[in-house]
Amino acid sequence: MRVLVVGSGAREHALCWAIAASPLLTKLWCAPGNPGIAGVAECVDIGVLDFEALVAFAQDNQIDLVVPGPEAPLVAGLTDAMDAASIPCCGPTAAAAQLEGSKTFTKEIADAAGIPTARWERFEDAEAARAFVRRRGAPIVVKADGLAAGKGVVVAATEAEAIAAIDSMMDARIFGDSGASVVIEECLVGEEVSLFALCDGETALPLGSAQDHKRVGDGDTGPNTGGMGCYSPVPAFPPGLEEAAFDRMIRPALAEMAKRGMPFRGILFAGLMLTEEGPKLIEFNTRFGDPECEVLLLKLKSDLLPALQAACDGELRHFNLRWNETAAVAVVMAARGYPEAPESGSIIRGLDRAAAIPDVTVFHAGTTADADGTIRAAGGRVLAICATGPTIEAARASAYTAVKAIDWPEGFCRTDIGWRALARPA
Ligand code: AMP
Ligand code: GLY
């Protein structure tokens, strides 16, 4: 098979790494890719939103399967563009990607499908939204309805904070039209977990779960990020609970989407809160999580490529994936200043030394390479240092040994990835 992966982060590096191991693969490309990805795929300099160029490339190179990584091209219609050219693409159409692109849409699907989620209300009028907050009181959650690069959610501890969020989203339009309407919802309390499924429109195949660390600082402090590290399995989310959540959230969502004439194909990601009343849906995303993808693919024993192809062909009901009984941990290294203003251009050394440590895999998230091969930081999240092991403790120890092997004074990471798992009584 000839495969094109779309994206340039550690998630796409992990996807390329897994696909490159498939005996079914003839040739692998990645657009635009990164220097880490260049080790397993041929990188082509096409942006993820340049659909015309991506379709032309796929046609010229007889691509058998397109594998999109990030949400932006999906929400903008990459799958539709590929469908129109009869090129199989393992992602949702723009209509189905509303599950990630619109908070209101997600809430409507959740309510229609009977999926447990926070109580919510939508507002197009800022004054009505402020009045609602004054009536309900804090804590309360304010969300811009559209995509806001992961920054459109404010978990407000006080009424004033909630009202300031409404002011900036709806009046000042800091996220543009994404803030034309807001969803205000009940604040859920508990541990968060990310649950994944590969879907073919009808059948959902479990891809496992992981716990992310969204805040930039140790002890879950500081601003939200794309994710600073994660681990799997999650002791707070044992297999019985995971299967129950899959049946209560993923399967009904898939059925509801099919019923509405927008069957969901691709990777469905449910962000859950493990509340005292059981798991509740926080949000759906229509793609793999990053860094969740990295740890889950490290645990996957089966060949990923035929599963992705089966998802495109509507053949997943014949499929079963096998998993290694290992634990896996990802520690993200970010550039100083992330998430507000990451510094670019600093030199990173010791990557080979880190990757040579047993059980360690280093994925590139935001790097560039000079002509002489020197690797430099080029983004917020720069590396995902991953390791497997018999326990989370062992995997985490290997990942941090690898972090120490990397010589990059301008980078930083959280030092407590996995703390919730380790704090739990055995
Ligand atoms: P999102 O940008 O949609 O991934 O949301 C960012 C974060 O906001 C989530 O990971 C949760 O930590 C938090 N969050 C969103 N909705 C709620 C809610 N209803 N209750 C508590 N926390 C929430
Ligand atoms: N790590 C969370 C996400 O990818 O949205």
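Throughout, read-outs are computed from the coordinates displayed, never taken from laboratory work. These figures come from a predicted structure and were not determined experimentally. Here the Cβ positions follow ideal geometry from the backbone for every residue, glycine too, while neighbour counts run over all protein chains shown.
What does the helix-only formula give at 222 nm for the chain: each DSSP H stretch with n ≥ 4 adding -39500 (n - 2.57), the total divided by the residues, and the result rounded to the nearest 500 deg cm²/dmol?
Numbers: 15 runs with 126 residues, N = 426.
Dividing the helical sum by the residues of the chain leaves -8000 deg cm²/dmol.
Would you mind listing how long the chain runs along its three principal axes, going by Cα atoms, in whole Å with the largest first?
Dimensions of the chain along the principal axes of its Cα atoms: 60, 47, 44 Å.
Name the lysines eligible as straight-distance cross-link partners of residue 214: C-alpha to C-alpha under 25 Å, and not fewer than 8 places from it in the same chain.
Once the sequence-local lysines are set aside, what remains near residue 214 is 103, 107, 143, 151, 280, 299, 404.
So if I take the centroid of the Cα atoms in segment 352-426 and the same for segment 163-216, what is the distance between those two points in Å?
The two parts, judged by their Cα centres, are 26 Å apart.
How many percent of the alpha carbon pairs in segment 274-426 exceed a separation of 24 Å?
When every Cα pair of segment 274-426 is considered, 45 percent fall beyond 24 Å.
So how strong a dipole does segment 27-144 carry about its Cα centre when Lys and Arg Cβ are +1 and Asp and Glu Cβ are -1, to the nearest 20 debye?
The calculation lands at about 960 debye.
What share of Cα pairs, in percent, lie more than 25 angstrom apart in segment 50-201?
Numbers: 4702 of 11476 pairs.
Cα-Cα pairs in segment 50-201 separated by more than 25 Å: 41 percent.
Could you tell me the center-to-center distance, by alpha carbons, between segment 25-43 and segment 320-344 in angstrom?
Cα centroid of segment 25-43 versus Cα centroid of segment 320-344: 19 Å apart.
Just name one of 90, 15, 68: the one whose Cα is farthest towards the positive end of the charge dipole of segment 1-106 (beta-carbon charges, Lys/Arg +1, Asp/Glu -1).
Comparing the listed Cα positions along the dipole, 15 ranks first.
Alpha carbons only, please: Rg and Dmax for segment 303-391, in angstrom.
Radius of gyration, then largest Cα-Cα span, for segment 303-391: 17.5, 48 Å.
Using only alpha carbon positions, build the gyration tensor of segment 1-132, then give the equivalent ellipsoid semi-axes as the square roots of 5 times its eigenvalues, largest first, whole angstrom.
35, 15, 14
Could you tell me which of 211, 250, 56 has its Cα farthest along the dipole of the chain towards the positive end, charges placed at Cβ (Lys, Arg +1; Asp, Glu -1), taken about the Cα centre?
211
Quickly work out the residue 151-to-residue 301 label distance, labels modelled 7 Å from Cα along the C-beta direction, and quote it in nm with one decimal.
Calculated label separation equals 4.4 nm.
Give me the dipole magnitude in Debye, nearest 20, for segment 1-59 about the Cα centre, with unit charges on the beta carbon: positive for Lys and Arg, negative for Asp and Glu.
My answer is approximately 240 debye.
For a quick protection proxy, order the peptides 347-358, 313-324 by their average other-Cβ count within 10 Å, most packed first.
Highest-to-lowest ranking by the protection proxy: 347-358, 313-324.
Rounding to the nearest 20 debye, state how big the charge dipole of the chain is about its Cα centre with +1 on each Lys and Arg Cβ and -1 on each Asp and Glu Cβ.
On the way: 37 positive and 56 negative charges, 138 e Å.
I would put it at about 660 debye.
Using Cα-only point scatterers and the Debye equation, what is log10 of I(q)/I(0) for segment 78-133 at each q in 0.14, 0.28 Å⁻¹, rounded to two decimals?
With no solvent term, the Cα-only Debye profile gives -0.57, -1.05.
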